[in-house]
Amino acid sequence: MSEGVGTRGILVAHGSMAQGLADAVRRISGVDESVIIPLSNDGKSPQALQEDLDRVLEGGPAIVFTDLPSGSCALAARLCSRSHPDQAVVTGVNLPILLEFVFNRQLPLRELVPRLLAKGVGSVTSAPEFP
């Protein structure tokens with residue numbers, strides 16, 4: 001698949017989490033930097049984070065992945081989604097969700113987002129299993 005085709009992933013997280021997840025996805029999948037874009041809230045006001053995210057979202061369809069369902073990262077993502085109709089917000093991101101994303105990002109958001117949510121839930125397990 002051409003790197004310019006498909007939805008982009010924007011990782012918005014606390015500290016260096018976004019950069020670490022983006023690096024892991026790139027190393028495993030081989031996608032370039034335009035597919036997964038990390039954005040940290042480190043040292044940014046909520047308004048500055050939202051402004052940075054708005055700038056990144058100008059490039060077309062995107063899914064914004066956040067670490068938590070609440071807090072500055074998720075709030076900025078949800079506020080930005082109001083002015084970017086070709087965007088979705090997925091919270092509680094993990095590596096299996098991101099890998100599912102990069103290999104299926106050509107799908108329409110209506111198909112892709114439920115697939116990502118199912119992958120995220122299904123990837124949380126324990127050993128041994130507990131009832």
2 or more residues polar (S, T, N, Q), modelled with pLDDT of 95 or more and more than 19 Å from residue 108 (Cα to Cα): qualifying helices (runs of 4 or more DSSP H) within the stretch 1-95: 17-29
All but one of (1) part of a strand (DSSP E or B); (2) under 14 Å from residue 21 (Cβ atoms); (3) not polar (S, T, N, Q) hold for residue 98; which doesn't? (1)
How many residues of the stretch 75-107 are closer than 17 Å to residue 33 by Cα, over 14 Å from the mean Cα position of the chain (by Cα) and of a type in the set (A, V, I, L, M)? The answer is 0
Going residue by residue through the stretch 74-84, is there one that turns out to be of a type outside the set (A, V, I, L, M) and touching a Leu at 6+ places or on another chain (Cβ under 6 Å)? yes
Search result, residues across the stretch 38-52 that are within 19 Å of residue 23 (Cα to Cα) and crowded, with 19+ Cβ neighbours inside 10 Å: 38, 39, 41
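The values are calculated or read from the model by the stated rules, or taken from the named source; none is laboratory data. All figures in this text were calculated on a predicted structure; none of them were measured in a lab. A quick note on method: Cβ atoms are made from the backbone with ideal geometry, for glycine too, and the neighbour counts reach across all protein chains shown.
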